[in-house]
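Here the structure comes first, spelled out in structure tokens, and everything after it is commentary.
The values are calculated or read from the model by the stated rules, or taken from the named source; none is laboratory data. Every value quoted in this text rests on a predicted model; they were computed, and no experiment measured them. All Cβ positions, glycine included, derive from the backbone under ideal geometry; neighbour counts span all protein chains shown. SASA here: full protein model, heavy atoms, side chains in, ligands and nucleic acids out. Shrake-Rupley method; radii C 1.70, N 1.55, O 1.52, S 1.80 Å.
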Amino acid sequence: MVDDVRVIAAKKEVTYGTDAAPTLAANAILTRNYNAVPVEVDQIQRNLDSGAYGATAGKPSNARTRSTYEVELAGSGAAGTAPKWMVLLEACGLAPPVLVAAASATQKFAKPGEGATSLSEYNWVGGNQRRKAIGQRGTFSLDATAGQTPFIGLDMTGLIPAVAPRDVNVADAADMTGWQEPQEVNNENSTFTIGGYAALMRSLSITAAVNVNLRSLVGARYIKRGNHGSSMRLVIEAPDLGTKDYLQTLQTGALVPWQFVHGKTAGNIVELSGAKAQITAIGESDEDDVLMFTIDVSLTVDGGADDLVIVAK
């Protein structure tokens, strides 16, 4: 019997696909809803003529590993220091954070041609079974819902090491002291604006939609991080037409700025923003006899704008 108890560590690789040897003392990740697919394969179908009815054996190909999990969205505890989750987002296409001493850590999507980083991830199951992934890259989502704590969802794909991909290894104590407790998303801790209007927000969810694919060629095998097309879905109270007309914004296709600010104390403030978002659809619903809008938004890079800017300060 194996107890379903999991703990993971992830560390940025210096050289792609070379095991960075993460440890729970230095690189532990405070996750929730962690789920791993230790081995995922495609099947080469041989379709042999065997003279009999029935399936013929395939040939496993493109072995890889997958993991999905969530981490809470909070600051680092000290303004000017990057939160630990920023290294995870680097492996999802974001550039390394730009630090301003004692002030902020800012992260944006890397430009085309900039080197994509990768992670080595170890996960322990039952306390003594260790599984490894190298060359790991992925995509992510962001969620901020009123009455809950905000979080980042990650979907990571990695290569399986040729040597000792799984072993018996007793997990050391995991040091989680660098992970800060997030604040509840509410009127006291959070603000949100879009198109210059402070909307009454129920929820905000962002899907990064980073293209991640296993490339297996003669002479090379790696996880490719490609293009992305990020989007956002908002649920807000429908504003009075004389105050803000989002239906007109949808009809004209105007590009508008948006910003979500969460937290009040230096070291635990996180801002999400973009300069040129486009509303692409609006649906209506009822909540407690209040008209609600569900707004779909495309986060664009028109005119060289950054589609998503993340600032911890």
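Take the stretch 31-84 and flag every residue that is assigned to a strand (DSSP E or B), touching a residue at least 60 places away in the same chain (Cβ under 8 Å) and of a type outside the set (Ser, Thr, Tyr). Matches in the stretch 31-84: Arg32, Ala36, Pro38, Val39, Asn62, Ala63, Arg64, Arg66, Glu70, Val71, Glu72. The condition (being touching a strand residue (DSSP E or B) at 6+ places or on another chain (Cβ under 7 Å) and within 21 Å of Ile152 (Cα to Cα)) is satisfied by just one residue among Gly17, Gly75, Gly58: Gly75.
Restricting the search to strands (runs of 3 or more DSSP E) fully inside the stretch 213-313 and requiring at least 3 residues that are open to solvent by 20 Å² or more (accessible area, probe 1.4 Å) and touching a residue at least 40 places away in the same chain (Cβ under 8 Å) gives 220-228, 231-237, 255-262, 270-287, 290-299. So which of Ala110, Ala102 ends up being more than 22 Å from Ser230 (Cα to Cα) and of a type outside the set (Phe, Trp, Tyr)? Matching residue, one of Ala110, Ala102: Ala102.
The set of residues in the stretch 113-138 that are of a type in the set (Ser, Thr, Tyr) and either open to solvent by 30 Å² or more (accessible area, probe 1.4 Å) or in a loop (DSSP other than H, G, I, E, B) (or both) comprises Thr117, Ser118. There is no residue in the stretch 160-171 that is in contact (Cβ under 8 Å) with a residue 60 or more places away in the chain, within 30 Å of Ala78 (Cβ to Cβ) and charged (D, E, K, R).
Condition check: of a type in the set (Gly, Ala, Ser) and open to solvent by less than 20 Å² (accessible area, probe 1.4 Å). Does Ala209 satisfy that? Give the derivation first.
Working: of a type in the set (Gly, Ala, Ser): yes; open to solvent by less than 20 Å² (accessible area, probe 1.4 Å): no.
No; evaluated as a whole, the condition is false for this residue.
Filter the stretch 265-289 down to the residues that are touching a Leu at 6+ places or on another chain (Cβ under 9 Å) and closer than 20 Å to Asp245 by Cβ and list them by number. Let's see the steps before the verdict.
To start, the set of residues in the stretch 265-289 that are touching a Leu at 6+ places or on another chain (Cβ under 9 Å) comprises 270, 272-282, 284-285.
If the condition is that a residue be touching a Leu at 6+ places or on another chain (Cβ under 9 Å) and closer than 20 Å to Asp245 by Cβ, then Lys276, Ala277, Gln278, Ile279, Thr280, Ala281, Ile282, Glu284, Ser285 are the ones that fit.
Here is a list: Ala198, Ala144. Which entry is on the phi < 0 side of the Ramachandran plot, more than 24 Å from the chain's Cα centre (by Cα), at pLDDT 95 or above and among the small types (Gly, Ala, Ser)? Sole residue among the options that is on the phi < 0 side of the Ramachandran plot, more than 24 Å from the chain's Cα centre (by Cα), at pLDDT 95 or above and among the small types (Gly, Ala, Ser): Ala198. When we screen Arg64, Arg46 for residues that are open to solvent by less than 40 Å² (accessible area, probe 1.4 Å), over 22 Å from Leu142 (Cβ atoms) and in contact with a strand residue (DSSP E or B) (Cβ under 8 Å, 6 or more places away or on another chain), the only hit is Arg64. Taken over the stretch 18-43, the criterion of being closer than 16 Å to Thr65 by Cβ and surrounded by 18 or more Cβ atoms within 10 Å (Cβ to Cβ) is satisfied by Ala20, Pro22, Ile29, Thr31, Ala36.
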